[in-house]
Amino acid sequence: MSQMTPLFLLIALFTTILNPTSGEPVGVCYGMLGNNLPSQSDTIALFRQNNIRRVRLYDPNQAALNALKNTGIEVIIGVPNSELRSLTNPSSARSWLQNNVLNYYPAVSFKYIAVGNEVSPSNGGDVVLPAMRNVYDALRGANLQDRIKVSTAIDMTLIGNSFPPSSGEFRGDVRWYIDPIIGFLTSTNSALLANIYPYFSYVDNPRDISLSYALFTSPSVVVWDGSRGYQNLFDALLDVVYSAVERSGGGSLPVVVSESGWPSNGGNAASFDNARAYYTNLASRVRENRGTPKRPGRGVETYLFAMFDENQKSPEIEKNFGLFFPNKQLKFPITFSAAREGTAVE
């Protein structure tokens, strides 16, 4: 055995050089609120050219779904908030699933169905879980409940206590809404989708949060939480969500970061250089697959927001989160996956 070890190590090293560690592929959110954007087929071609292997769609856009066929790109498909109430009818949920998922499966690699995005508990919160249950039941009827997971995407406004990260907790007035959802996600072996933006945390509190902490550029630990040291705000916010999920009975329920980004223009601290630092550092962070101080060694599935600058969004700052300009030019160099498609070690 000892004589074989050097050869084994050489082979392992050679394999690593040829096939760099794949880590977590970095996903991208594909919003379409612009009147100057490339076609869906051109956009999905751009995904493939840049080895972007995960995409989040906010609605079942047929042109995008057709373009995604046989690409191997994993898809989060969204049920728009405006359609949630109709899906509290089981028959409507079955029809929605048939028209927007089953008709494209398995040519399209669906991973999650996001039933609603950032729904306010006080404005439509009562329909989210019934719609999730009906979509899940429809999936189960197609025997796909273990292949395609049902979830919903929340934002950080549901968080009450957020410091230190180990004290993370959902607001008391939304527990009626979020706790049953977390119970459902746990029982169906799914994951919670969370939109996490260090940018907004920073601009809301620049006195207590340093820009370097928000941009992953701090040279050392900024926040200590017991024995856990935090060098960046993204990790801290994600661990806040993990702690809140635990307090709501979710145990070690996975959390998918379904949106995260930094604007390159249009507001405070919104600059090209800051956006470049945030996106490139976050992408590197995700590919490293290190997890967070609270959950080390677990990959963090993350979707950068967004594919393009979208000129029909408002306010102004919302128009400037794109990784690409509408002319398909990448704003700044980002490695979305550690190896080209077909060579990554899975």
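The values are calculated or read from the model by the stated rules, or taken from the named source; none is laboratory data. Note that the structure is a prediction, hence the values are computed from the model and not measured. Cβ placement follows ideal geometry from the backbone for every residue including glycine, while neighbour counts extend to all protein chains displayed. Ligands, DNA and RNA are stripped out before the accessible areas are found, and what is left, the full protein with its side chains, is counted by its heavy atoms. Shrake-Rupley method; radii C 1.70, N 1.55, O 1.52, S 1.80 Å.
Observations on the model:
- With respect to (1) closer than 18 Å to Asp309 by Cα; (2) without any contact (Cβ under 8 Å) to a residue 40 or more places away in the chain; (3) hydroxyl-bearing (Ser, Thr, Tyr); (4) crowded, with 17+ Cβ neighbours inside 10 Å, the lone exception for Tyr58 is condition (2).
- Of all residues in region 70-128, those that are assigned to a loop (DSSP other than H, G, I, E, B), among the hydroxyl-bearing types (Ser, Thr, Tyr) and touching a residue at least 40 places away in the same chain (Cβ under 8 Å) total 1.
- Restricting attention to region 135-145, the residues being closer than 17 Å to Pro106 by Cα and touching a residue at least 24 places away in the same chain (Cβ under 8 Å) number 6.
- Criterion: open to solvent by less than 20 Å² (accessible area, probe 1.4 Å), assigned to a loop (DSSP other than H, G, I, E, B) and under 21 Å from Ile334 (Cβ atoms) - qualifying residue of Ala270, Ala283: Ala270
- Of all residues in region 70-92 being closer than 18 Å to Ala153 by Cβ and small (Gly, Ala, Ser), the one that is surrounded by the most Cβ atoms within 10 Å (Cβ to Cβ): Gly78
- Residue list for region 269-290, restricted to those being at pLDDT 95 or above and on the phi > 0 side of the Ramachandran plot: Ala269
- Residue that is on the phi > 0 side of the Ramachandran plot and buried (at least 20 other Cβ atoms within 10 Å of the Cβ), where the choices are Gly124, Gly116, Gly168: Gly116
- Cβ-Cβ under 8 Å pairs, at least 6 apart or on other chains, region 22-41 side free of Cβ contacts under 8 Å to residues at least 60 places away in the same chain, far side surrounded by fewer than 16 Cβ atoms within 10 Å (Cβ to Cβ): Ser39/Ala63; Gln40/Ala63; Gln40/Asn66; Ser41/Ala63; Ser41/Asn66
- Odd one out for Asp173, checked against (1) within 16 Å of Ser120 (Cβ to Cβ); (2) assigned to a helix (DSSP H, G or I); (3) in contact with a helix residue (DSSP H, G or I) (Cβ under 9 Å, 6 or more places away or on another chain): (3)
- Subset tally (residues that are buried (at least 21 other Cβ atoms within 10 Å of the Cβ) and not in a loop (DSSP other than H, G, I, E, B)) for region 135-157: 10
- Every listed requirement among (1) farther than 29 Å from Val150 by Cβ; (2) more than 15 Å from the chain's Cα centre (by Cα) is met by Trp262 save one, (2).
- Scanning region 198-213 for residues that are open to solvent by less than 30 Å² (accessible area, probe 1.4 Å) and within 18 Å of the chain's Cα centre (by Cα) yields a count of 2.
- When Val300 is tested against the conditions (1) closer than 22 Å to Leu57 by Cα; (2) aliphatic (A, V, I, L, M); (3) in a helix (DSSP H, G or I), the lone failure is (3).
- Counted residues, region 217-247 - those being more than 18 Å from Asn195 (Cα to Cα), touching a helix residue (DSSP H, G or I) at 6+ places or on another chain (Cβ under 7 Å), of a type outside the set (A, V, I, L, M) and part of a loop (DSSP other than H, G, I, E, B): 3
- Arg175, sole failed condition from (1) under 23 Å from Ala236 (Cβ atoms); (2) surrounded by 15 or more Cβ atoms within 10 Å (Cβ to Cβ); (3) within 21 Å of the chain's Cα centre (by Cα): (3)
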